[in-house]
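Before any comments, here is the structure.
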Ligand code: BG6
């Protein structure tokens with residue numbers, strides 16, 4: 001297949017490039033400060049924002065954790081995390097010393113309200129000392145069972161009663177099913193308003209996903225052709241080579257359906273299917289996404305088996321290494337029926353997408369790491385021999401999010417030398433090597449108070465509503481659990497799902 005490469009920087013968000021940034025001083029109070037996410041993602045992202053002058057002039061960062069640590073030991077922990085995980089090529093000692101001066105630490109049992117008074121004192125003393133008005137950002141990087149306690153104790157202790165603004169960042173999972181998600185939200189809205197709650201889905205922080213919102217980007221993809229008149233089907237894939245890793249305790253109760261599908265994949269679906277006007281703002285995006293998810297055709301429990309494929313990885317080979325099957329993984333029961341792969345067919349019954357199937361798949365221990373959105377345009381090639389032999393393809397737009405970021409157009413062109421029609425790929429790739437990490441973009445937005453790339457409660461609730469019959473059908477064993485070899489592209493049943501409609505996975 002012929003290839004043409006064109007470079008364009010898709011990664012600078014226009015709103016950021018044009019904006020005269022003035023971030024208000026604030027206290028950033030991080031619960032779970034000695035945890036894995038803080039170490040791998042949050043500190044390196046804050047450091048990167050610091051390097052590019054995207055932190056406010058005055059910022060007090062207070063780490064909160066169960067362990068007792070001195071400020072100095074905590075700063076050393078932060079420093080090590082920056083050295084281990086930062087994407088900065090050269091770390092300047094003077095810079096990192098300045099960065100560490102923003103940090104202090106407070107040991108706390110988050111379930112006990114008493115300790116919060118001490119935390120309040122620390123926050124206030126630093127606010128006075130550093131001339132910070134009472135703008136407080138609370139980041140809960142903790143296990144879900146602590147979220148309610150912390151939100152309540154923040155208010156009880158007075159930490160949440162600020163004269164400035166306050167924001168609460170929370171991480172997934174947002175509930176385990178519809179009921180628990182609603183319960184969690186009912187507790188949270190007692191303590192914080194929806195506008196103050198920033199729910200992170202790191203897929204919404206990926207710059208290529210954020211590009212789906214930009215009008216210019218949409219235009220350059222001829223997005224006006226993205227509708228049922230021209231599009232035959234849309235495929236969204238997020239597959240990975242890693243297995244369950246050390247997370248069996250959580251994953252064996254979540255499965256791919258909760259871990260990836262309910263959040264990341266549903267968000268990709270909404271971002272792809274949105275139909276945006278020229279002037280986009282936070283409210284427009286929230287409403288558009290909500291409209292998409294409200295138009296999703298509900299699945300009845302008895303229909304799940306015909307539209308959703310679940311599977312689990314068996315042993316196999318990944319990059320020439322033998323790997324064990326899911327049931328042999330440490331911490332997984334050898335009778336587990338947990339899904340590590342999901343493929344599904346969904347329909348959006350609105351005027352734009354009516355009659356266009358959306359196929360979604362995600363899986364662990366697959367042949368490759370790949371996240372992409374494929375828009376297949378209508379063309380009746382099915383009867384043609386050349387199509388069967390992959391010599392011609394339907395026109396496609398492919399948005400690759402991982403492992404690289406690019407947009408590709410696939411069309412058929414006549415090769416003047418051979419006088420035969422052949423597929424041609426035109427790649428628009430990002431020329432910037434300095435693509436921001438998801439957490440950098442999301443944290444920066446939270447500092448600014450821009451919630452457009454955070455998950456609104458209605459999106460959480462409506463996605464759980466759609467998925468609830470699927471969860472029940474799985475629990476009641478109404479859907480077969482297929483097996484697939486590690487290192488493969490998933491079970492055959494996932495291919496059959498598309499073949500039934502005359503399509504194949506790209
Ligand atoms: C996380 C899931 O949210 O996303 C993980 O819990 C998964 O199981 C990860 O591996 C994938 O993220 P990414 O950015 O590597 O595609």
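Of the conditions (1) within 16 Å of the ligand (Cβ to nearest atom); (2) at pLDDT below 95; (3) closer than 26 Å to residue 407 by Cα, residue 239 fails just one. Which one is it?
If we test residue 239 against (1) within 16 Å of the ligand (Cβ to nearest atom); (2) at pLDDT below 95; (3) closer than 26 Å to residue 407 by Cα, just (2) comes out false.
Can you name every residue in the stretch 33-55 that is in contact with a strand residue (DSSP E or B) (Cβ under 9 Å, 6 or more places away or on another chain), over 14 Å from residue 103 (Cα atoms) and not in a helix (DSSP H, G or I)?
Hit for the stretch 33-55 is 35, nothing else.
Tell me, yes or no, whether the stretch 167-175 has at least one residue that is under 24 Å from residue 113 (Cα atoms), more than 16 Å from the ligand (Cβ to nearest atom) and either in a helix (DSSP H, G or I) or in contact with a strand residue (DSSP E or B) (Cβ under 6 Å, 6 or more places away or on another chain) (or both).
Yes, the stretch 167-175 contains a residue that is under 24 Å from residue 113 (Cα atoms), more than 16 Å from the ligand (Cβ to nearest atom) and either in a helix (DSSP H, G or I) or in contact with a strand residue (DSSP E or B) (Cβ under 6 Å, 6 or more places away or on another chain) (or both).
Within the group 187, 264, which residue is surrounded by fewer than 21 Cβ atoms within 10 Å (Cβ to Cβ) and in contact (Cβ under 8 Å) with a residue 24 or more places away in the chain?
On inspection, the qualifying residue turns out to be 187.
Give just the number: which of (1) in a loop (DSSP other than H, G, I, E, B); (2) modelled with pLDDT of 95 or more; (3) within 16 Å of the ligand (Cβ to nearest atom) does residue 299 not satisfy?
Here residue 299 meets the rest and fails (3).
Among the residues of the stretch 131-158, which ones are assigned to a helix (DSSP H, G or I) and at pLDDT 95 or above?
Within the stretch 131-158, 146, 147, 148, 149, 150, 151, 152, 153, 154, 155, 156, 157 meet the criteria.
Could you please let me know if residue 9 is modelled with pLDDT under 95 and assigned to a helix (DSSP H, G or I)?
no
Does residue 267 count as modelled with pLDDT of 95 or more, in contact with a helix residue (DSSP H, G or I) (Cβ under 8 Å, 6 or more places away or on another chain) and within 16 Å of the ligand (Cβ to nearest atom)?
When the stated conditions are applied, residue 267 passes them.
For the stretch 380-411, name all the residues that are touching a helix residue (DSSP H, G or I) at 6+ places or on another chain (Cβ under 9 Å) and either over 30 Å from residue 203 (Cα atoms) or modelled with pLDDT under 90 (or both).
Those that are touching a helix residue (DSSP H, G or I) at 6+ places or on another chain (Cβ under 9 Å) and either over 30 Å from residue 203 (Cα atoms) or modelled with pLDDT under 90 (or both): 381, 382, 391, 392, 393, 394, 405, 406, 407.
Could you grab me the full set of residues in the stretch 119-135 that are surrounded by 15 or more Cβ atoms within 10 Å (Cβ to Cβ) and in contact with a strand residue (DSSP E or B) (Cβ under 7 Å, 6 or more places away or on another chain)?
Looking only at the stretch 119-135, we keep the residues that are surrounded by 15 or more Cβ atoms within 10 Å (Cβ to Cβ), and these are 119-120, 122-124, 126-127, 132-135.
Across the stretch 119-135, the qualifying residues are 119, 122, 123, 126, 127, 132, 135.
Those residues that are in a strand (DSSP E or B) and surrounded by 22 or more Cβ atoms within 10 Å (Cβ to Cβ), I need them from the stretch 361-383; list them, please.
361, 362, 363, 366, 371, 373, 375, 376
Can you find a residue in the stretch 219-233 that is at pLDDT 95 or above, assigned to a helix (DSSP H, G or I) and surrounded by 20 or more Cβ atoms within 10 Å (Cβ to Cβ)?
Taking every residue of the stretch 219-233 in turn, none turns out to be at pLDDT 95 or above, assigned to a helix (DSSP H, G or I) and surrounded by 20 or more Cβ atoms within 10 Å (Cβ to Cβ).
Quick one: count up the residues across the stretch 313-359 that are touching a residue at least 12 places away in the same chain (Cβ under 8 Å), part of a strand (DSSP E or B) and more than 22 Å from the chain's Cα centre (by Cα).
8
Name the one entry in 103, 99, 138 that is in contact with a strand residue (DSSP E or B) (Cβ under 9 Å, 6 or more places away or on another chain) and farther than 15 Å from residue 159 by Cβ.
That would be 103, the only listed residue that is in contact with a strand residue (DSSP E or B) (Cβ under 9 Å, 6 or more places away or on another chain) and farther than 15 Å from residue 159 by Cβ.
Of the numbered conditions (1) in contact with a helix residue (DSSP H, G or I) (Cβ under 6 Å, 6 or more places away or on another chain); (2) assigned to a helix (DSSP H, G or I); (3) within 12 Å of the ligand (Cβ to nearest atom), residue 244 fails exactly one; give the number of that condition.
(2)
Among the numbered criteria (1) surrounded by fewer than 16 Cβ atoms within 10 Å (Cβ to Cβ); (2) farther than 16 Å from residue 28 by Cα, which one does residue 153 miss?
Exception for residue 153: condition (1).
The values are calculated or read from the model by the stated rules, or taken from the named source; none is laboratory data. The shown structure was predicted, so the numbers you read here are calculated from the model rather than taken from an experiment. Positions of Cβ are generated from backbone atoms using ideal geometry, with glycine treated the same way; all protein chains shown enter the neighbour counts.
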